[in-house]
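Encoded as structure tokens, the structure appears first; notes follow it.
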């Protein structure tokens, strides 16, 4: 995806007597200065332009290094970088061997649309990319080659350490996800723990006692939702069985096997909190295949409040993540990063939206 601008060495010249001269050394690039100084290319660019956003000792150290290497700023390249400053990279992470969330997921698409609108209002463009683990080491190139000003990363998944490493390099970046211990990068996300608590507490209030949770606790957001689930159960004096806690992915295309296991074990729950709306909708279908009706036999709550949630039958009770607040918060977080400002994690409120899937059927 990214392009690297390089200077081709001139062809070797043949000297008298048949001796071949060595090609001239490759010209030092700004990325080389950044690597030697242990900072980002953007930091080098700002330092060499005398930006007050860079601390004086850092500016002087980078300037001394540039002089020692006889480095001169390429005016045309600098002009190109200034032009690209209006472009932001929006990156969706994934594991190609173990897909976590499809790019076509309605929640992801709604987030991307909101980001595009927010950036357009600021006169900025968006470059949309998808990176798996096999390309994570290339992700900083999008910024360090000047293709984009900074990154908005959709989700942490299992790439927490890689994101921390990029933060240590000073890469301007805002991440949609969860603030977990040891996070070095800027994060915007919903209050997942409270959202999980609200969903489960609602099911408890409906008289449910055998409440299941569907979600992979290896992923930060789903883990926090699970913590809220457990907190609500503890308060109600309920103990969840292991069979009711299933590590599914957000997309969850087929949940028939889980329902099969519940039925075979005689352990069908009376309610389920699913960590995504797509998982909740898939569960309704899997339950129906066994003649189990939602909400008569099993109450169901999802998470996200995608547009389809209120139009399916039965309409889905869910925890709303405010996309209209998330997009501007991520863009502002990145803008602050580009100005050298560091902000605390932004946690957006979670809201329970009650619909038919968790309420007693009429009559």
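The values are calculated or read from the model by the stated rules, or taken from the named source; none is laboratory data. Predicted model, so just to flag it, every value in this text is computed and none were measured. As a convention, Cβ positions derive from the backbone with ideal geometry for all residues, glycine included, and neighbour counts pool all protein chains shown.
Residues in segment 136-167 that are assigned to a helix (DSSP H, G or I) and either under 10 Å from the mean Cα position of the chain (by Cα) or under 21 Å from residue 189 (Cα atoms) (or both) were compared, and the one that is modelled with the lowest pLDDT is 160.
A quick yes/no check of all residues on (1) closer than 22 Å to residue 206 by Cα; (2) in a strand (DSSP E or B):
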residue: 239; (1), (2): yes, no
residue: 257; (1), (2): no, no
residue: 260; (1), (2): no, no
residue: 273; (1), (2): yes, yes
residue: 293; (1), (2): yes, no
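Per the conditions (1) touching a residue at least 12 places away in the same chain (Cβ under 8 Å); (2) on the phi < 0 side of the Ramachandran plot; (3) assigned by TED's automatic domain parsing to the domain that holds residue 161, the sole criterion not satisfied by residue 181 is (1).
Is it the case that some residue within segment 342-354 is out of contact with any strand residue (DSSP E or B) (no Cβ under 8 Å at 6 or more places or on another chain), crowded, with 18+ Cβ neighbours inside 10 Å and either part of a loop (DSSP other than H, G, I, E, B) or touching a residue at least 12 places away in the same chain (Cβ under 8 Å) (or both)? Steps first, please.
First pass over segment 342-354, keeping only residues out of contact with any strand residue (DSSP E or B) (no Cβ under 8 Å at 6 or more places or on another chain): 344.
From what's left, crowded, with 18+ Cβ neighbours inside 10 Å: none.
Looking for residues that are out of contact with any strand residue (DSSP E or B) (no Cβ under 8 Å at 6 or more places or on another chain), crowded, with 18+ Cβ neighbours inside 10 Å and either part of a loop (DSSP other than H, G, I, E, B) or touching a residue at least 12 places away in the same chain (Cβ under 8 Å) (or both), one finds none in segment 342-354, hence no.
Quick check on this structure: which one of 254, 260, 277 is surrounded by fewer than 20 Cβ atoms within 10 Å (Cβ to Cβ) and closer than 21 Å to residue 315 by Cα? Walk me through it before giving the result.
Working: 260 fails: closer than 21 Å to residue 315 by Cα; 277 fails: surrounded by fewer than 20 Cβ atoms within 10 Å (Cβ to Cβ).
It is 254.
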